[in-house]
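Read the structure below first, then the notes.
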Amino acid sequence: MSEEAPAGLDKLREDIDRIDRELHQLLRERAAVVRRIGLAKRTASGERAAFIRPGREAELMRGRIGDHDGALPAASVARIWREILSGACQMQAPFGVALYSPERSISHWDLVRNHFGSLTPIRLCASAQRVLQEVGQQNTIGVLPWPDHEEAQPWWPNLASEDARAVNIVSALPFYESATGRFESRRLMAVATYPPEPSSDDVSYMIVDTHPELSRTRLGALLNQAGLKGGVMATYGREGLMKQLLELDGFIGRQDERLGRLVGGSDGAITRAAVIGASARPLGVLDTE
Ligand SMILES: C=C(O[C@@H]1C=C(C(=O)O)C=C[C@H]1O)C(=O)O
């Protein structure tokens, strides 16, 4: 080893120590601003304030990943920011996650921990129904399996309620993936009583009650005619009624006028259309060349 190297390293490590102090100071400043935002939200709306803003969080993440360059992997930056955002939400109003993982997959646990951070308690529930009950109680976010065509008792038809305190789909997990850090490609949906909110790129979820013989082509044409674009994610038929879960482009609110147009223009083929939430479109796999 040369004589120079240790001295050079000492200097570089001093640089790291200085940068870390600066980063930590900035994190403390950020937390102080978050505290003020939390107080302002509580003053304006009390305990029912939207302490978690999924659309804003998605935009912040897109901003950091969009600006990123240099040697640090983008997935590391994304994970750091998810931790910052989750800590900032926990500071304002503590919350927990109720997770239903039918296969008890550790990758489900991993996705929840990665998105909702180190502080968030995660409870494993025995059924999707149990998760939805827990979400009805305060400050619990539910995490449920991605809807699938094969399910005998899907969870998603329960979300089409008229209740103002309705449970909504608010996020799709994972928001980002690391090519090397995942060992299975799994997706989950987060549901909560706080509202989904628009970001610059969203997907909305809608349940339509349809005539059992309505074809995919005709459904596509009816959607198009109502100014909507998307496809079927899952279907559930019972007693001559078909419920279809649709994934649609863009943010669509529960009161969107296109819902009435869709039902009204369908000649009785669609008897009801209900939006059950939205999520920011995920960033996908980061750090691929
Ligand atoms: C700070 C806020 O609360 C939460 C924390 C955020 C943050 O740390 O940047 C962003 C959105 C909210 O989920 C806010 O509403 O702006």
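Please find, among Arg62, Arg82, Arg30, Arg56, the residue that is farther than 23 Å from Met189 by Cβ and either loosely packed, with under 10 Cβ neighbours inside 10 Å or modelled with pLDDT of 95 or more (or both). Steps first, please.
Numbers: Arg62 fails: farther than 23 Å from Met189 by Cβ; Arg82 fails: farther than 23 Å from Met189 by Cβ; Arg56 fails: farther than 23 Å from Met189 by Cβ.
None of the others qualify; the one that does is Arg30.
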Within region 148-168, tally of residues that are polar (S, T, N, Q) and crowded, with 20+ Cβ neighbours inside 10 Å: 1
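Output the residue which, of all residues in region 184-207 that are in a loop (DSSP other than H, G, I, E, B) and within 14 Å of Glu247 (Cβ to Cβ), is modelled with the highest pLDDT. Show your work before the answer.
At the first step, the residues of region 184-207 found to be in a loop (DSSP other than H, G, I, E, B) are 184-187, 193-201.
Right, trim to within 14 Å of Glu247 (Cβ to Cβ) and you get 187, 196, 201.
Numbers: Arg187: 94, Pro196: 89, Asp201: 98.
Taking the candidates together, the pick is Asp201.
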Residue count, region 211-233 (criterion: over 16 Å from Gly260 (Cβ atoms) and in contact with a helix residue (DSSP H, G or I) (Cβ under 7 Å, 6 or more places away or on another chain)): 3
Yes or no: region 47-55 includes at least one residue that is assigned to a helix (DSSP H, G or I), outside the structural domain of Arg130 (by TED's automatic domain parsing) and within 11 Å of the ligand (Cβ to nearest atom). yes
For region 169-178, check the following and say yes or no: at least one residue is at pLDDT below 95 and surrounded by fewer than 19 Cβ atoms within 10 Å (Cβ to Cβ). yes
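Within region 99-153, can you find the residues that are hydrophobic (A, V, I, L, M, F, W, C), in contact with a helix residue (DSSP H, G or I) (Cβ under 9 Å, 6 or more places away or on another chain) and farther than 26 Å from Ile80 by Cβ?
Looking only at region 99-153, we keep the residues that are hydrophobic (A, V, I, L, M, F, W, C), and these are 99, 106, 109, 111-112, 116, 119, 122, 124-126, 128, 131-132, 135, 141, 143-144, 146, 152.
Adding the requirement that they be in contact with a helix residue (DSSP H, G or I) (Cβ under 9 Å, 6 or more places away or on another chain) leaves 99, 116, 119, 122, 124-125, 128, 132, 141, 143-144.
Selection gives Leu124, Cys125, Ala128, Leu132, Leu144.
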Note: among Ser101, Ser118, just one is more than 11 Å from the ligand (Cβ to nearest atom) and in contact with a Pro (Cβ under 9 Å, 6 or more places away or on another chain), namely Ser101
Qualifying residues in region 163-176 (those that are part of a loop (DSSP other than H, G, I, E, B) and touching a residue at least 12 places away in the same chain (Cβ under 8 Å)) - the one farthest from Ile252 (Cα to Cα): Pro174
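Kindly establish whether Gly8 is assigned to a helix (DSSP H, G or I), loosely packed, with under 12 Cβ neighbours inside 10 Å, on the phi > 0 side of the Ramachandran plot and away from the ligand (no atom under 11 Å from the Cβ). Don't jump to the end; show me each part of the working.
On the way: assigned to a helix (DSSP H, G or I): yes; loosely packed, with under 12 Cβ neighbours inside 10 Å: yes; on the phi > 0 side of the Ramachandran plot: no; away from the ligand (no atom under 11 Å from the Cβ): yes.
Criteria not met by Gly8.
Give the residue that is farthest from the ligand (Cβ to nearest atom), with candidates limited to residues of region 58-74 that are of a type outside the set (Val, Ile, Thr) and in contact (Cβ under 8 Å) with a residue 40 or more places away in the chain. Working first, answer last.
If we filter region 58-74 for residues that are of a type outside the set (Val, Ile, Thr), which is where we start, we get 58-64, 66-74.
After this cut, where a residue has to be in contact (Cβ under 8 Å) with a residue 40 or more places away in the chain as well, the list is 58-59, 61-62, 73-74.
Values: Ala58: 10, Glu59: 9, Met61: 10, Arg62: 13, Pro73: 22, Ala74: 19 Å.
My answer is Pro73.
So is Gly117 on the phi > 0 side of the Ramachandran plot and in contact with a Ser or Thr (Cβ under 9 Å, 6 or more places away or on another chain) or not? Quick ask: steps written out before the conclusion?
Values: on the phi > 0 side of the Ramachandran plot: yes; in contact with a Ser or Thr (Cβ under 9 Å, 6 or more places away or on another chain): yes.
The answer is yes for Gly117.
Tell me, which strands (runs of 3 or more DSSP E) wholly within region 75-159 include 2 or more residues that are within 16 Å of the chain's Cα centre (by Cα) and either touching a residue at least 40 places away in the same chain (Cβ under 8 Å) or farther than 21 Å from Phe51 by Cα (or both)? First the steps, then the outcome.
On the way: elements: 96-99, 122-124, 140-145.
Passing ranges, in order: 96-99, 140-145.
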Quick one: count up the residues across region 65-79 that are surrounded by fewer than 20 Cβ atoms within 10 Å (Cβ to Cβ) and touching a Lys or Arg at 6+ places or on another chain (Cβ under 8 Å). 1
Only one of Ala269, Ala226, Ala278 is under 16 Å from the mean Cα position of the chain (by Cα), farther than 24 Å from Ala152 by Cβ and aliphatic (A, V, I, L, M); which? Ala278
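The values are calculated or read from the model by the stated rules, or taken from the named source; none is laboratory data. Predicted model, so just to flag it, every value in this text is computed and none were measured. Here Cβ is always computed from backbone atoms with ideal geometry, including for glycine, and neighbour counts include all displayed protein chains.
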